[in-house]
Structures are given as C-alpha cells and as structure tokens.
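To keep things clear, I will list the structure first and then write my remarks on it.
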Amino acid sequence: MAAHRCGLSLVCILIFSSLAHPSSCDTLEKANDNTAEKRSISEVNTDGSVAGEALNERQWQSTDAEVDRSDSTTHSEALTPAAARDEFQEELVIRPLHSGDIYASFQFRTLWDTDFLQEGQKVSHYRLFPKSLGQVLSKFSVRELHISFTQGFWRTMQWGQPFIPSPPGAELWVWFHDTVSDVDGNWKELTNVLSGIFCASLNFIDLTNTVQPSASFKPLGLGNATDHRFLRYATLPREIVCTENLTPWKKLLPCGSKAGLAVLMKSEKLFHSSFHSQAVHIRPICQDEQCSSKAWELRQTLNVVFDLHTSGQGKKEWSLFKMFSRTLTEACPLASSSKVYVDITDNPEGELFELSPATPLLGQAVVLGDRRTYSVYDLSRAETFGQLRSFNLLLRWKGDSGDMLRPLLHAERYVAGFGLQTGEIHTVIYNNHPYRAFPVLLMDSVPWYLQLYIHTLTVTSKSRDNKPSYIHYQPAKDRHRPHLLEMLIQLPPHSMTEVTVQFERALLKWTEYTPDPNHGFYVGSSVVSALVPSMVAMRTNFTQDQPLFSSFVPVKEESSYFVRVYTEPLLVNLPTPDFSMPYNVICLTCTVVAVGYGSFYNLLTRTFQVDEPSPPLSKRLANLIRRMRGVPLLT
Amino acid sequence: MAAPLTLLLIVAVTIRAVLFRSSLAELISARVEVVSPLNAWKRVVEGLALLDLGVSPYSGDVFHETPLMIYLFHFTVDYAEIVFIIADGITALALYLSIQTYNKDVFRKQKYALESDRYSADCLELLRSPKEMFYIPLKVAMFYLLNPFTILSCVAKSTCGLNNAIIALFIFCTLKGSALLSGILLALATYQSIYPLTLFAPALLFFLQRLYIPVNLRRSSFWFFTLQYAFMYVGSLVVITGLSFFLLGSWDFIPSVYGFIFSVPDLTPNIGLFWYFFAEMFEHFRLFFSCVFQINVFFYTIPLSIKLKEHPVFLIFMQIAIISIFKSYPTVGDVALYMAFLPAWSHLYRFLRNIFLVSCVLLACSALFPVLWHLWIYAGSANSNFYYAITLLFNFGQILLVADYFYAYLRREHHLTHGLYLKKKDGTEATLVLK
C-alpha cells in the first residue's frame, strides 16, 4: 500500500507540474472551439432547407436495453473466421442530467467463446481477453466476478438511476464454481491476487467483512446456481479510488489507452469529478440463442459524473474536450463496434439543448424501465470525424431543464442516537410509484463491532408495522464474521418505509483501531434490490411513437425491471481507549492484583505474634562485651 | 421475627415494583456497572428472538446465557419482573435462614468451648451473646434486599440476581446439612457461571465438620465422604450439562458461555479489572495474562481452606468475595451478594483497621461511576482513563475490605485462644504483629 501511495503522490506531482503550463491546453481548446463554431454555422445555413427532411431521414436504429442481449452475429460477417472466437465492443453513453451535470458511461465488452473451467484444457492463447484475468478465472474456478471501485456517492434523487450501480469504496462479489471445495481459501487468495492486479487494498477483505447473501446477489450470467455457499460478497467502504487503480484497469483493454474511446480517460480529468466508478464484470453467457455453447463476457465499465457548473464558470455547455481534455480521432482498430450515444430523450425537438455535430442516427432503448432515445455516433465510420479527423461532441444548453421524474425506488440511511454506547441504524426506502406496490430485498452487512439487536428491528411504512415476509439473519461472531441481515419487504405505493435496528458499540483492543480511530469506522452501504414496475408500463397515455394496437395491455417484458440501489455508507464512532497507556495500564492493574495477592499471602502465611522490640544498639553492644567477659547479660 | 422480615420483604418488593414502573428502569438496564455482556436482559431477549427466527442463539456473540436460562425465560419472559423480584426474595430468605442456622451453630460451639475451657480468661468481651446475635439474620436480609446495588441489579433484570439466588440456596442447603441438595445447587451455580466451583471446598469442609470427620488424608472416612460429595456434585453437573445438550441438540453453548467467560473477548467496560487491561494488552502476552488473571479466582481456594478449615462459613464469604472481585465480567449484583454477609461479621468490627477509608472509597466510587461514564461516553470531555481509574479504585477498595475482614477474623481467633490483653515479657501492653 505504501508503495501505491508513493506512486500516487508522484502522479499527483506530475499532474500539478503539467497544470503549471496550461497555455498549450488553452490554445488547443480554442482551436477546437473555432472549428466547432464553424461547423455549427455551416449547419445552420443548411438547416433551413433540410429541416423538414431531417426528421424523415432519421434512421431508427434499434438497440437492445442490455447490450449483452444484442446479437453478436450481426458483426460476425465483418470478422475473419479465425478471429470470430473473440470480439471487442466499446461505447460511450453521455446523458445530460437534470441537475446540469453530465453523466458519461464507458462500456467495453470483450466476448470470448472459450471455457476456462474445463478440466484438462489449459487456455494459453489470449488475444483480446486479458491474460491476467483469464488466469485468475481458471486458477480459482470463478464462475462470475464483479468488482467495482467508486469514489463519491451516486445521488439518485438528483441524477436518477445509474446504468450500473455501485457503492462507494470497493465492492467485490464472486460466484465460485460448484466444484470448489475450499471456498474460503480460494476467496482469500483471489482477493489478494485481485489486490495486486488492480493496485487496490482488496487484501483487507477477510472473513470479518465477507458475507454470503442468501437472496440479494444472484448470478447475472449463465448457470442457475442458488447455493449461496459458493457466493462471497465484500465491500470496503473506506477504499479510496485514484489513478493508481485506473492505470491497471486501462491496461486490461485491448487497445489500452492508445486508441478508441479509452484515449478520453485522462486521470486528472476523470478524478476531477463528482462521481467516479470503474468496474469489471466477468460472467459466462450464451453464445447464441439456443445456448449451445458458452462464452465469457468481460465487461469493463467506467462511469463519471462531471460537475460542469463549477468548472465551466456558470456557462452550461460541454464538449468532449472540456470534459476529458481530449477529442476522439479513431475507433479502437480491434473493436467490432465503437459508438458514442447521447441521451436526447428530454430534448426531442431540440428546444432544450443543441448538439453538434448532429447525427442522422437515432437509437432507442429501454433502459431501467424507461424508453430513451439516443443520438448515435458510429466511430467506425470515417464521416463521424469530419474533415478535421477529430470528433469533438459539443452540447450547448438553451433553456433550463425541467423537473426530473423522481426515481421510483430510492433509499437512504443514517445513524441515530448520541453518545458512544448505543445507536440506531435507520434505513429509509422510498417507493415513489403512484399506485403500484412492489417487494424489495434489503441487505445489510454490519461489522461485528456494532452489536445488532435483532429484536429491536422495526419496519414501518405509513406509520404502520410492516412485517417482512422473509428475514435471513446471521449474527456476527466477534473478530470472525459480520452481521448479515436480509429482508424481503413489501413497499406500499407512494410510501416511505423505515427500517430501524439498534446496536451497541464495542470497545476494541487497542491494536484493532484504524490509525485515526476518532475519524470513526465505516459501515458498508446496504443494498436494496428490487423488481421495479417500469416507467413504460406506468405511462397511461401512449402517444407519439406507439401504434394504438400495441398499447392497450402493457408489454410483459417491460412491465418491471431489476434495479439495485446502494445507500450511503455509515461512519460510526466507537469508544476508544487511551492509546498511549498500555504500559501504564498493565502496571496499574497488575499493582492492584498484586495488592490483593500480597495482603492475602500475608494473612495466609504469617501468624500473630507479640511484638517484642529489639533492644537498642548500645545495650546489644554492652551485652556483646559482657558475653566476652563472661559477665551476666543485661536484660 | 416473622413480622419484621415480612415488612422488609414488602418494602423491598414495593421499591422494586415502583422502579420497574418508572422511566428509570430503562436507564438502569443500560448501565454497564449493573449489566455485563454475560447477564444483560437485553441479550436474553435477543437470544429468544434469535430462537424465534430459527437461528441458534449461540451462533452469534450476543447471547451468553446457559440453555436452561433460555428454557426458563421461554416460558416466563412476560413475567420477567416478577421472576426477578421473587429471585431476590428467595436470596434474602435463604440468607436469612442460613445465618440464623449459622448463629445457632456458632453459639453452640462457643458454649462447648467455654465449657471445655478452651478460651482464655480475659476474652469474655469477645464472646457473642444471643442478644446481639438476635437481629443479625434480619440485618443480613436487609443488607441484601435494600442494598442499592441489589435493587439496581434487579430493576435492570440482570440474570446475576438468579445466580445469586442459586448460590444463596446452596449456602442454605449446606448449612442445613443436606449434602445432596447442596451438591445439586452447587452444580447448578457452577453451570451458570463456572466460578462458584471454588465453593466446593468450603461446603465439603462444613459437612466434614458437621459429621465430625477429621480432615485427615489417611482416614478412609474422610475420603469416603469427599468422594461421595464430589460424586453428587459432578453427577449433577453432568446431568445438567447433558440436559442442556438435549434441549438444544448441540454443544455450541460450551464455547459460547464458558469460553466467553475465560477468554474475555468482549471488552465492554464494567466494574472489573479485565476490560481495560485486555483492551490495552500486547497481543502476544494476551494468553499469558488471561491465565494469570483467571487463576486469581481459583488460586486462593486451597490456602484459604487450609487456613480456615475450622470456619467454613467464613470461607464461603471469602470465596464469594474473591469471585466477585476477580471474575471476568463482574457487576454490582455480585458485590451485593458478599456485602450481605457483612452484618454476620459485625462482631469483628473492633478489629477492622481501615473500614472507614474503605467505605468512603466504595461510596465515592459508586457515585463516580456514572459521572465519569457520562464524561467519557456522552460528553466526550474525559477519556477512558477516567472510568478505568475508578474501576481500579473500586477494586482496590474491595480487596482492602475483604483483606481487612480476613485479618479481623484471624485476629479475633488469636485473641480467643491467647487472651485479649496480651503482655510483653516486661509486663507492658503488647502489640500484635504478623510474623
């Protein structure tokens, strides 16, 4: 860790030194702005004549909500048969948020139809799939691996739902193959190896913060594993994510950060943001619709929320260059598809913001239960880059964005109470759906030093007791295992459900405290998983784009969608001993014990005797002389 | 005598009932001085809740009561307050009757000794009269029932009150001479909190004395009775433990109850010596020091039994006091039990050396516990050392108190045989020293 921090500080110094010469950057940006303006002017010129046709010419391109379902066969013709075994896709989704922030989400997907877990077959030839991860998968018999590093907290109420949610800090959950006999041993080793691969403190994951959720984390890929003995879940809410974690993450990409979308990932910009989350998800998926053979999917995602209000001096406009201090010049040559999506759902007529360069391609997808419209820029086409061979997307806000539809599911958490003896954890879950009730799974993993009292658990919605229909509780073992509490709670429509549980704070051994004990101890986010009724199904007036015959009964697939919401991590203070006292305490306590021992020993071994004072020295001397003289002694 | 005792019981029950109904009950039940992780009522309720959820109460680290306790409260959880009041009443009654029996015994022995001229002539004023002994049993019951420590412990529903009741019943059965019941109750007390194991020695000595069997390792009668009593004790311990196993179907409770007592993993502050010591302990010395600290309870049993083999009841008192000082999770309820015996030794008053100092220390500490706890935990203006200092002083006071009574007892015995007004060789007044 120390080495990492040293590296980090070095990087920081480098960043500062580069910031010290900002002139070159400025000029570059100006040049870019000029070109952008020119282009927009030229567009305005043509706009008047083509405006009517533009709408008609828009090509509706259908993309699936979840990219993993999108069929890879469409691209397979483009590739040679030998290379068809693995393929790589990259995309960037940009969503202007209602708060004025920009949400940029990178997704890189590597698909490889090989089987790491097959007996006797050693996979040694790697092309696009990173070898370091492939070896880890086969060595530890991992069926599914999800790891995320997040700096900052996703504000659901302002930003809506993220594409891939993640809790602050590091999160790791792994499904092992059911042939593994020593799951805990594999898990321990795996966390240490991953810690090395990602330069993170994942080696702090041990049995005291690992749980086996019974219902909240089901495999996302193939395989209908339900035995949660093979699942391990751990979070490190204190983990700080920085460039040292980004660099190894970028190295896993086939093009590295040399080409494609990854050139945008300049760490000094990515970490100058309100929210930063990078993740790696590995899972087995079906190769075709019949699911005749298995393929491995490696999905690397990076989500950033830029606060352009503060950095943009009040001007509400952004461009790729402003966000990332880079523009795109080419797609990754190894990628079979490389696209940039911009969410324009709230801006169907262009009255809210203006996007340049404009694109004729439109995509529609149902994301998190909501039908969204996207402008699509295909980087594999040369015309995307224009004459300047550089693609700099620019968005200029025209009006104020309207109110955001409140997310249907939202959760928050806090600690109540005062003093360092007891406390109460409050988890508040909101169901903002106007008329539908739905069940949610709440999972809490609380460290052992907060002793939960499960009999104080109360669940109330609309000031009435709401008894969970399922409770899975595993109490903590001191220094061995955290508490795990999972509940299935039915949320009434348009309600606020409050879950409270009391705890007692333990006094730890002085060596168990973190270096700054009065900062407090982190408790990982609780996880709310739910099938939420979809917005599409919620909409009662199906208007514009839907034919009448399709809209009477809501479509089944879209009627609900899975969502996972992470609450805030908690910071809890514990009572502390005086760390400067060990010697004093040992001495003082032992003194008291010794006083007890001494007084009992005294009384047990000695007997009462009359105190006969010894004669004074002069008398004794006189007696000595008298004895030598043979005279009777003095009494 | 029945009327004052009844009145005392009524007063005691009224005080408890009023406190149970007041808002103080909740405050008291959260005090670390009154409840420990071993006997907090909140944890009993938690254990029952876990059982309801289908989780073994011993799978976590919250519940440390014995399986019989679960069984008891499974049925009486709604009447817990009454159970605890009754337990206190039983303890007081048992102590009352035990001390009454003991006093008769003491008086009878004193008469024999006087008749056989074993006492020296000038110690008449040391002899005990039926008149001054008349109210002692009542005082003992009162010292137990109206002791604020006992009241707090009862209002907090600390299961320490039940353990005290078992120990008091054990003393009662022992003094009444029922070896079988005594063995069973001792096994029950051991099962509850392991430490009363050391009471085996005084009980055995008492029975031997009662049956006029000399403590002589070469005599077969001595061995016969010792084995008989040990068999009753160990047999009932095995039966009780086996019963717990069949109640829960697992041995999980052994590490969770007895392992917890011995290894001291929970460092929640209490009035004992363990918590801060082991919070500040260097990791590689932990095992050594936990052995050193635990051995204190058992260490004094054999020398004390040798020294006090003629006085088993005083030995019981000494043992209970040592347990409550050196046990790993002491509460004020444990202190209250041995303090109840103090009126029985009121005749030692003239030989106590520093009773004034000790009572001041104990009173001051009792007042300072909540103050310093508040300063540390709630106000944040003091730190753990403040509370630790007070626990240290409190234990120091207790050790002084017990050692003082031990000293006074030995000294009185010395005076009874050697005369009260000792003279030096030159005829001047002598001072007694320990040599």
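The values are calculated or read from the model by the stated rules, or taken from the named source; none is laboratory data. Just so it is clear, the model here is predicted, and its values are computed rather than measured. Note that each Cβ is placed from the backbone with ideal geometry, even for glycine, and that neighbours are counted across all protein chains shown.
Residue under question is residue B:170, and the condition is that it be surrounded by fewer than 24 Cβ atoms within 10 Å (Cβ to Cβ) and assigned to a helix (DSSP H, G or I); does it hold? So residue B:170 fails the test. Looking only at the stretch B:9-41, residues that are closer than 21 Å to residue B:248 by Cα and assigned to a helix (DSSP H, G or I) come to 1 in all.
Listed conditions (1) assigned to a helix (DSSP H, G or I); (2) more than 9 Å from chain A (Cβ to nearest Cβ); (3) aliphatic (A, V, I, L, M) are all met by residue B:382, apart from (1). Before we move on, is residue B:268 in contact with a strand residue (DSSP E or B) (Cβ under 9 Å, 6 or more places away or on another chain) and hydroxyl-bearing (Ser, Thr, Tyr)? Considered against the rule, which asks whether it is in contact with a strand residue (DSSP E or B) (Cβ under 9 Å, 6 or more places away or on another chain) and hydroxyl-bearing (Ser, Thr, Tyr), residue B:268 comes out as yes. Scan the stretch A:434-449 for residues that are more than 21 Å from residue A:216 (Cβ to Cβ) and more than 14 Å from chain B (Cβ to nearest Cβ) and the total you get is 3.
Among the residues of the stretch B:302-324, which ones are among the charged types (D, E, K, R) and either within 9 Å of another protein chain (Cβ to nearest Cβ) or surrounded by 22 or more Cβ atoms within 10 Å (Cβ to Cβ) (or both)?
Start the filter on the stretch B:302-324 by keeping residues that are among the charged types (D, E, K, R), which leaves B:307, B:309-310.
B:307 - this is the single residue of the stretch B:302-324 that is among the charged types (D, E, K, R) and either within 9 Å of another protein chain (Cβ to nearest Cβ) or surrounded by 22 or more Cβ atoms within 10 Å (Cβ to Cβ) (or both).
Residue by residue, here is whether (1) more than 27 Å from the chain's Cα centre (by Cα); (2) of a type in the set (Ser, Thr, Tyr) holds:
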site	(1), (2)
A:284	no, no
A:287	yes, no
A:290	yes, no
A:295	no, no
A:302	no, no
A:322	no, no
A:326	no, no
A:337	no, yes
A:343	no, no
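Remark: residue B:299 falls outside the filter, which requires a residue to be within 11 Å of chain A (Cβ to nearest Cβ) and modelled with pLDDT of 95 or more. Among the residues making up the stretch B:167-195, those that are over 17 Å from residue B:101 (Cβ atoms) and under 16 Å from the mean Cα position of the chain (by Cα) are B:186, B:187, B:188, B:189, B:190, B:191, B:192, B:193, B:194, B:195.
Checked against the criterion of being crowded, with 19+ Cβ neighbours inside 10 Å and more than 14 Å from every other protein chain (Cβ to nearest Cβ), the candidates A:361, A:388, A:352, A:408 yield just one match: A:408. When B:54, B:60 are checked against the criterion of being in contact with a Lys or Arg (Cβ under 9 Å, 6 or more places away or on another chain), small (Gly, Ala, Ser) and without any contact (Cβ under 8 Å) to a residue 60 or more places away in the chain, a single residue qualifies: B:60. When the stretch B:75-97 is filtered for residues that are within 14 Å of another protein chain (Cβ to nearest Cβ) and either in contact with a Leu (Cβ under 7 Å, 6 or more places away or on another chain) or polar (S, T, N, Q) (or both), only B:77 remains.
Only one of the numbered conditions (1) touching a helix residue (DSSP H, G or I) at 6+ places or on another chain (Cβ under 7 Å); (2) at the interface with another protein chain (Cβ under 8 Å from one of its Cβ atoms); (3) modelled with pLDDT of 90 or more is violated by residue A:581, and that is (3). Suppose we keep only residues that are more than 7 Å from every other protein chain (Cβ to nearest Cβ) and surrounded by 15 or more Cβ atoms within 10 Å (Cβ to Cβ) within the stretch A:587-600. Which one would you say is nearest to residue B:388 (Cα to Cα)? Among those that are more than 7 Å from every other protein chain (Cβ to nearest Cβ) and surrounded by 15 or more Cβ atoms within 10 Å (Cβ to Cβ), it is A:590.
Report yes if residue A:455 is within 14 Å of another protein chain (Cβ to nearest Cβ), part of a strand (DSSP E or B) and not polar (S, T, N, Q), otherwise no. The answer is yes for residue A:455. Flag: residue B:27 does not match the condition of being surrounded by fewer than 18 Cβ atoms within 10 Å (Cβ to Cβ), closer than 23 Å to residue A:467 by Cβ, within 14 Å of another protein chain (Cβ to nearest Cβ) and at pLDDT below 95. Counting only helices (runs of 4 or more DSSP H) that fall entirely inside the stretch A:221-314 and contain at least 2 residues that are closer than 16 Å to residue A:106 by Cβ, the qualifying elements are A:243-251, A:267-270.
Residue-by-condition table, conditions (1) away from chain A (no Cβ under 13 Å); (2) at pLDDT 95 or above:
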site: B:246; (1), (2): yes, no
site: B:264; (1), (2): no, no
site: B:268; (1), (2): no, no
site: B:337; (1), (2): yes, yes
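Exactly one residue among B:171, B:194 is at positive phi, touching a residue at least 24 places away in the same chain (Cβ under 8 Å) and aliphatic (A, V, I, L, M), and that residue is B:194. Pairing residues of the stretch A:601-618 that are within 7 Å of chain B (Cβ to nearest Cβ) with residues that are surrounded by 13 or more Cβ atoms within 10 Å (Cβ to Cβ) and part of a loop (DSSP other than H, G, I, E, B), at Cβ distances under 6 Å and at least 6 apart in sequence or on separate chains, gives A:610/B:422; A:610/B:430.
Restricting the stretch A:419-433 to residues that are crowded, with 19+ Cβ neighbours inside 10 Å and under 22 Å from the mean Cα position of the chain (by Cα) leaves a set whose member that is nearest to the other protein chains (Cβ to nearest Cβ) is A:425.
Scanning the stretch B:30-55 for residues that are of a type in the set (D, E, K, R), under 15 Å from residue B:270 (Cβ atoms) and either away from every other protein chain (no Cβ under 11 Å) or more than 25 Å from the chain's Cα centre (by Cα) (or both) returns a single hit, B:33. Pairing each residue of the stretch B:359-376 that is under 21 Å from residue A:419 (Cβ atoms) and in contact (Cβ under 8 Å) with a residue 60 or more places away in the chain with any residue that is among the hydrophobic types (A, V, I, L, M, F, W, C) and in a helix (DSSP H, G or I), provided the two are 6+ apart or on different chains, yields C-beta distances under 7 Å for B:369/B:390.
Taking residue A:473 as the residue in question, decide whether it is out of contact with any Lys or Arg (no Cβ under 8 Å at 6 or more places or on another chain) and facing chain B (nearest Cβ under 8 Å). It would help to see each step written out before you state the result.
Values: out of contact with any Lys or Arg (no Cβ under 8 Å at 6 or more places or on another chain): yes; facing chain B (nearest Cβ under 8 Å): yes.
Taking the combined requirement at face value, the residue satisfies it.
For the residues B:400, B:432, B:357, B:368, the requirement of being closer than 30 Å to residue A:611 by Cβ, away from every other protein chain (no Cβ under 11 Å) and not small (Gly, Ala, Ser) singles out B:357. Filtering B:329, B:387 for residues that are touching a Pro at 6+ places or on another chain (Cβ under 8 Å), away from chain A (no Cβ under 12 Å) and under 30 Å from residue A:416 (Cα atoms) leaves a single hit, B:329.
Give A:566, A:597 a once-over and let me know the one that is modelled with pLDDT of 90 or more and closer than 30 Å to residue A:426 by Cα.
Just one listed residue meets the conditions, A:566.
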